[in-house]
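Following: one structure in structure tokens, then a few remarks.
The values are calculated or read from the model by the stated rules, or taken from the named source; none is laboratory data. This one's a predicted model, so the numbers in the text were calculated from it and none came from an experiment. Methodologically, a virtual Cβ is constructed for each residue, glycine included, from the backbone with ideal geometry; neighbour enumeration extends over all protein chains shown.
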Amino acid sequence: GAGLVLCDIPGLIEGAAGGAGMGPAFLRHVQRCKVLLHVVDGTSEDPIGDFITINKELKAYDEFLAKKPQVVVLNKIDVSEVQEK
């Protein structure tokens, strides 16, 4: 039957595709997902840059990952500095 596979990729960092941090272990799990949901930290100095970095890592690990459908959610939108961005 049809199922839903979710995985959380906490702390995926620049260089993960090349072995930095826990990147390869987490990225293997992402390959099983049909849709990628990104929860981007709105309080980051560069949330768009963070999103771009993650996508570069996905593509570097497996080009197919970068082609999967993606949904982006900006969190902490209730923080005034995020609203101002």
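Among the residues in the stretch 43-60, are any in a helix (DSSP H, G or I), among the basic types (K, R) and under 19 Å from A25 (Cβ atoms)?
Yes, the stretch 43-60 contains at least one residue that is in a helix (DSSP H, G or I), among the basic types (K, R) and under 19 Å from A25 (Cβ atoms).
Conditions tested, residue by residue: (1) over 11 Å from the mean Cα position of the chain (by Cα); (2) β-branched (V, I, T); (3) modelled with pLDDT of 75 or more.
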| site | (1), (2), (3) |
| --- | --- |
| L4 | yes, no, no |
| G11 | no, no, no |
| G18 | yes, no, no |
| I54 | no, yes, yes |
| I77 | yes, yes, yes |
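Could you check the stretch 62-85 and list, in sequence order, the residues that are surrounded by fewer than 11 Cβ atoms within 10 Å (Cβ to Cβ) and under 14 Å from E45 (Cβ atoms)?
Within the stretch 62-85, E81, E84 meet the criteria.
Which residues, counting only those in the stretch 32-52, are surrounded by fewer than 15 Cβ atoms within 10 Å (Cβ to Cβ), within 20 Å of G3 (Cβ to Cβ) and modelled with pLDDT of 80 or more?
K34, V35, L37
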